[in-house]
Amino acid sequence: MSRKFLIFIVFCLAGLFCPVIQSGAKDLEVELDMDEYLYGHVRDAYDWHITTIKGHHISIPLPVIVISKTGRGAHIFSSKHLEEGEYEGFSIATSGKYENKIVEKGPDGAEIRPWDFSITKNVLGLMINSALLLFIILGTARWYRKHDAAEEAPTGGTGIMEMMVTMVEDDIIKDCVGEDYKKYSPYLLTAFFFIFINNLMGIVPFFPGGANITGNIAVTLVLALFTFFTVNLFGNKHYWKEILWPDVPTWLKVPLPLMPAIEIIGMFTKPFSLMVRLFANILAGHFMILGVIAVIFLTAKMGAAVNGGLTVVAVVLGVFMDCLELLVAFIQAYVFTMLSAVFIGLSRPKTETD
Amino acid sequence: MSLITPDFGLLVWMTLIFGIVFFVLAKWGFPMITDSVQKRADRINESIKKAKEAEESLRNLASEQDAIVEKARKEQAKIMKEAAASRDALIEQAKVQARDEAAKIIDQARTQIAAEKESALRDVRKEVAMLSVAVAEKVMRKDLAQDSGRDELLRRLVDEIASSREQKN
């Protein structure tokens, strides 16, 4: 019964797409620019594109904040001015090294990238998601402020949040960090929920979701740097001894500091792997979903039968991919937090075994 | 490729936003939640421990009760034994006392009897002496009345006295 119903729903969804695509294909007769389609969805932008109706783009313009490197001072203006081309000497590069970024013309005519602190799509997404996260967590914390948690247990949303917080704290933080986990618990919990909510919002296909935040290398770089500094600033002296003078045969340390060199490289590869793992996983997830959905548009010119059949496949695969991405959203947040916790735990070895 | 080159502006914004989120949540968010949950967990653990202790003490109470009953029984037996012993002792003592008393009474009686006997003997002796004297008087009266025997007797008496004097001297 329920399986038949599911199949029915899928066909209905597929049916919804077909006429639109058929008419669209007749009207526009344009080749789908696959590169633009894929990268346009995952990269940062100066406006938040919502949809396109009959060739007309509907998007939310965002503030552009740039400081000129050619001595023209700071400029703040709406990104909608950039749609027509140059504005106040700034324009979005269409090609070259700074493609899709705001550039200004240098005295010799070369494109120069100004200091660009624009509220881009990702920045706005970060703000919205952070506000949401603050709302959820502070709302949960409020319950505990108003109730005596020793006397009663929360229900509903607070209960779910409590379950998740305890899960992260008990399964990841306590196990991986070790004794003085309490000091690190707020950072690791913040990292987990920050990544998780940004991952989830990235899957939501419409505003205010859909910004590819955790699939952006700058975001994951900052997160990895936070972990890097947490690990290295609070590492104890045993940690530094293990890096600079590890327990290995002396010829591995003197005259050629082979092991210290490897350990020091390791200090940087650990956060680097954190950065790349999160970035690549989320980006790949976005690409996969986009790719599966692109099948519908790519086959639009192949006739109703092929298109209809593949649309069903694409919708089924799309649902599957979205479910997978939900899983990945959680797993990547979990993995990032767990590895950060492990690195922190490694930076605080208890006693030297000598 | 712009995908793998971190954008400086976004980096700054991300650092700022994440920093603020971290600060706020670390100050007012997560510690509140984790501490409360910890408090509840502690309370639950404590309650379980207390329940276990109560159960334990209840079990102990039963055995303690048994011990008390056992002790009381022992005490009872001991008291009974002691009572029996003291009763026996009392009886024994009473017997001894009675025997002593009886002995004493008998002794007294014996002394009294002896005294009585003595006095009776004395009386008898006295009587006998009196009787002898009376008899002797009568005999002497009769003898002295008869002239024939009187001289004889006198002479014998004088002799006797004289001899007893001589002997004394």
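The values are calculated or read from the model by the stated rules, or taken from the named source; none is laboratory data. What you are looking at is a predicted structure, and each value in this text was computed from that prediction instead of being measured. Neighbour counts are summed over all protein chains in view; Cβ atoms, including those assigned to glycine, are modelled from backbone coordinates with ideal geometry.
Can we say A:K80 is without any contact (Cβ under 8 Å) to a residue 60 or more places away in the chain and more than 10 Å from every other protein chain (Cβ to nearest Cβ)?
Here the answer is yes, as A:K80 does meet what is asked.
What tally of residues in region A:137-151 results from selecting those that are surrounded by fewer than 19 Cβ atoms within 10 Å (Cβ to Cβ) and in contact with a helix residue (DSSP H, G or I) (Cβ under 9 Å, 6 or more places away or on another chain)?
Total meeting the criteria: 8.
Can you find, within region B:8-31, the residue that is nearest to A:L126 (Cα to Cα) among those that are within 7 Å of another protein chain (Cβ to nearest Cβ) and of a type outside the set (A, V, I, L, M, F, W, C)?
Top of the filtered list is B:T15.
So A:G24 clears everything in (1) modelled with pLDDT of 70 or more; (2) more than 30 Å from A:R113 (Cα to Cα) except one condition, right? Which one?
(1)
Looking at A:L188, A:L200 in this structure, which one is touching a residue at least 60 places away in the same chain (Cβ under 8 Å), in a helix (DSSP H, G or I) and within 11 Å of chain B (Cβ to nearest Cβ)?
A:L188
Give me the pairs: first residue in region B:32-55 and within 14 Å of another protein chain (Cβ to nearest Cβ), second residue part of a helix (DSSP H, G or I) and of a type outside the set (S, T, Y), beta-carbon distance under 7 Å, and six or more apart or on different chains, which are they?
B:M32/A:A141; B:M32/A:R145; B:I33/A:A141; B:I33/A:E162; B:I33/A:V165; B:T34/A:V165; B:T34/A:E169; B:V37/A:E162
Given the criterion of a type in the set (A, V, I, L, M, F, W, C), under 43 Å from the mean Cα position of the chain (by Cα) and surrounded by 10 or more Cβ atoms within 10 Å (Cβ to Cβ), identify the matching residue among B:A89, B:A115.
The match here is B:A89.
Listed here are the residues, each with its yes/no results for (1) hydroxyl-bearing (S, T, Y); (2) over 25 Å from A:L233 (Cβ atoms).
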position: A:I136; (1), (2): no, yes
position: A:Y144; (1), (2): yes, yes
position: A:A149; (1), (2): no, yes
position: A:I160; (1), (2): no, yes
position: A:M164; (1), (2): no, yes
position: A:V168; (1), (2): no, no
position: A:K183; (1), (2): no, no
position: A:L189; (1), (2): no, no
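Only one residue in A:L188, A:L132, A:L126, A:L138 is under 30 Å from A:R43 (Cβ atoms), in contact with a Phe, Trp or Tyr (Cβ under 8 Å, 6 or more places away or on another chain) and not β-branched (V, I, T), so which one is that?
Going through A:L188, A:L132, A:L126, A:L138 in turn, just one is under 30 Å from A:R43 (Cβ atoms), in contact with a Phe, Trp or Tyr (Cβ under 8 Å, 6 or more places away or on another chain) and not β-branched (V, I, T): A:L126.
Consider A:D247 carefully, then state whether it is modelled with pLDDT under 95 and assigned to a helix (DSSP H, G or I).
Spelling it out, it is not the case that A:D247 is modelled with pLDDT under 95 and assigned to a helix (DSSP H, G or I).
Which of the numbered conditions does A:I195 fail, given that it passes all the others? Conditions: (1) surrounded by 23 or more Cβ atoms within 10 Å (Cβ to Cβ); (2) facing chain B (nearest Cβ under 9 Å).
It is condition (2) that A:I195 fails.
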